1. All but one of (1) surrounded by 22 or more Cβ atoms within 10 Å (Cβ to Cβ); (2) of a type in the set (S, T, N, Q); (3) under 28 Å from Gly363 (Cα atoms) hold for Thr197; which doesn't?
2. Within the stretch 13-30, take every residue that is touching a Leu at 6+ places or on another chain (Cβ under 8 Å) and either outside the structural domain of Leu253 (by TED's automatic domain parsing) or assigned to a helix (DSSP H, G or I) (or both) and give me the one that is farthest from Leu255 (Cα to Cα).
3. Looking at the stretch 76-98 only, could you name the residues that are buried (at least 24 other Cβ atoms within 10 Å of the Cβ) and either not small (Gly, Ala, Ser) or not assigned by TED's automatic domain parsing to the domain that holds Leu153 (or both)?
4. Do you know which of the residues in the stretch 200-221 that are in contact with a Gly (Cβ under 8 Å, 6 or more places away or on another chain) and among the hydrophobic types (A, V, I, L, M, F, W, C) is surrounded by the most Cβ atoms within 10 Å (Cβ to Cβ)?
5. Got a sec? Which of Ala267, Ala206 is hydrophobic (A, V, I, L, M, F, W, C) and more than 19 Å from the chain's Cα centre (by Cα)?
6. Grab the helices (runs of 4 or more DSSP H) fully contained in the stretch 214-289, keeping just those with 3 or more residues being free of Cβ contacts under 8 Å to residues at least 60 places away in the same chain.
7. Quick one: would you say Gly213 is assigned by TED's automatic domain parsing to the domain that holds Gly184 and within 19 Å of the chain's Cα centre (by Cα)?
8. Can you work out which of the residues in the stretch 27-72 that are in contact with an Asp or Glu (Cβ under 7 Å, 6 or more places away or on another chain) and among the small types (Gly, Ala, Ser) is farthest from Ala218 (Cα to Cα)?
Amino acid sequence: MFKWPLINDNITQQDKEALAEFVLNSNRFTNGPKVKEFEQAWSDWLGVKYSVMVGSGAAANYITTSIVRELKGQTGEIIVPPIGWVSDISSVINTGFLPVFVDVDLESMAITAENIEKAINKNTKAIVLVHALGFNGLTGELVSLAKKHDLILIEDCCESHGARHNGKMVGTFGDMSCFSFYFGHHMTTIEGGMISTDNEEVYELARMFRSHGMTREASPETHAKYAKPDVNPLFTFAVPGYNMRSTELNAVLGLEQINRLDANIEARVNNLDVWLNNLNPEKYFLNFNVEGNSNYALPLVWRNPDDKGAICELLESEKVEYRLGTAGGGNQARQPYLERYGYKVVGALAVSDYIQDQGLYIGNHPELTENQIIELCERLNNV
């Protein structure tokens, strides 16, 4: 019996000691200098000019679509993937846009330039590209398409810290990108997220949206731009913002964890290699686009739909925790909340349906051994 959890606790004793020392010796715990220090460390690691720490990856989703509204107007359409997290879609709806679903390809589980182009019209404002399960979803065609039509490109990298496209990290190609530091991701701040960008205007807006829309969170120039003689300068609100700040405690943990991030990514990538090299290609789809991946979880997509019951039964008997449908539980266009809100589907979602109906993932932990992975593959091959 494996007893293989979906998520392992990646908070070390050293992390706990750093937190304890900070608590005992600090007088400030809300958003402050440690958050700024972690934002700079993250920007340096990723290779961008600006980063804004927020309370979660979902908060990053909401702020980035709110920025689209500021830059592109308050109505329109945003192209989204069916394979992703619910907040990739709910953020679009709750900021007043219409989500437009297009299908993904099986190799990267990401929406394709070909499918995106069919959905672009005069109302299209942005594209949300999700790099699912650590796979790189970018192509040169997709980036060029966004630029050609003057569309904002949001990269959701919540499951893909350190994945690369043409040798450069994902999250650096779009106008802005979202990351999650939720428990069990490539690194964790327990709860937390980040927005990254090279665009100064996006950076200023993200800082204001994070903190109620207050201009004092932005640069002196932005603060002066919105100044009014009859409004308190300390409480001037330029955008309809949120409270999506993080804390100093989360940042302290992030500063510890980022030192191990590259090693954790390397271990996850090696685990995926062992996984794909030992599963039976006649039984499972294995032709994923692994170039530049930073694997978040080990995908399992079976070819025969009748195998589902036996696969799930084996995993449950061996105490291997899994999630059906892979990223986000599968095709978001099937979810009941959409029945009460407007949305569009352009083209068939056949691949997304296939992933939901004949796919799952299991946890990928840096501590896994090659023998553990090979043994589970052998049992899955014999189902």
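1. So the condition that Thr197 fails would be (3).
2. Step one: list which residues in the stretch 13-30 are touching a Leu at 6+ places or on another chain (Cβ under 8 Å), which gives 15, 18-19, 22-23, 29.
From what is left, the residues that are either outside the structural domain of Leu253 (by TED's automatic domain parsing) or assigned to a helix (DSSP H, G or I) (or both) are 15, 18-19, 22-23.
Working: Asp15: 9, Ala18: 10, Leu19: 11, Phe22: 12, Val23: 15 Å.
Out of the qualifying residues, it is Val23.
3. Quick first cut of the stretch 76-98, residues buried (at least 24 other Cβ atoms within 10 Å of the Cβ) only: 78-84, 88-89, 91-92, 97.
Within the stretch 76-98, Ile78, Ile79, Val80, Pro81, Pro82, Ile83, Asp88, Ile89, Val92, Phe97 meet the criteria.
4. Residues of the stretch 200-221 that are in contact with a Gly (Cβ under 8 Å, 6 or more places away or on another chain), as a first pass: 208-214.
Pick out the ones that are also among the hydrophobic types (A, V, I, L, M, F, W, C) and you get 208-209, 214.
Values: Met208: 29, Phe209: 27, Met214: 20.
Only one residue tops the list, namely Met208.
5. Values: Ala206 fails: more than 19 Å from the chain's Cα centre (by Cα).
Exactly one of Ala267, Ala206 is hydrophobic (A, V, I, L, M, F, W, C) and more than 19 Å from the chain's Cα centre (by Cα), namely Ala267.
6. Numbers: elements: 220-225, 248-257, 261-278.
Correct list: 220-225, 261-278.
7. Details: assigned by TED's automatic domain parsing to the domain that holds Gly184: yes; within 19 Å of the chain's Cα centre (by Cα): no.
Taking the combined requirement at face value, the residue does not satisfy it.
8. Residue satisfying both the conditions and the ranking: Ser56.
The values are calculated or read from the model by the stated rules, or taken from the named source; none is laboratory data. Every value quoted in this text rests on a predicted model; they were computed, and no experiment measured them. Using ideal geometry, Cβ is built from the backbone for each residue, glycine included, and neighbour counts are taken over all protein chains shown.
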